[in-house]
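Notes for the one structure printed next.
Here, each number is a calculation from the coordinates, and none is a lab measurement. Since this is a predicted model, take the numbers as computed values, not measurements. Counting neighbours? That spans all protein chains shown, and the Cβs are built from the backbone with ideal geometry, glycine included.
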Amino acid sequence: MTPAQERIEKARRKVAQAQARLEAIAARANALERKADTRRKIILGGLLLDAAGKDARYASVLTALMQRIGREADRRPFAGWSPPSPSSTD
């Protein structure tokens with residue numbers, strides 16, 4: 001292998017390594033964004049459940065949202081569960 005070919009091969013290896021580092025950084029960023037998105041959904045869901053237990057408006061919104069669940073697999077976790085509703089003493 002000539003010196004020029006060696007330099008070319010070395011440069012190709014560096015490019016491949018840099019590409020691998022870039023892909024790893026992008027994958028970590030995507031994972032962090034998915035984690036943050038999941039956390040937001042959990043917090044909002046908790047807030048909605050709490051509000052539904054205190055306010056009839058939110059309870060009706062929650063009921064309407066649950067009726068919109070289309071996939072059977074998404075409905076299964078709610079089998080036998082009833083959403084909170086405001087107590088009559090409030």
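A few points about this structure:
- Per residue, the convex hull volume that the Cα atoms of the chain enclose (Å³): 128 Å³
- Listed by chain and number, the aspartates and glutamates whose C-alpha is less than 13 Å from the C-alpha of K41, apart from same-chain residues fewer than 8 away, are E33.
- Farthest positive-ward along the range 3-69 dipole, Cα basis, beta-carbon charges - from L47, T63, A24: A24
- Rounded to the nearest 10 degrees, the inclination of helix 3-52 to the longest alpha-carbon principal axis of the chain is 10 degrees.
- Lysines whose Cα lies under 29 Å from that of K10, excluding same-chain neighbours fewer than 8 positions away: none
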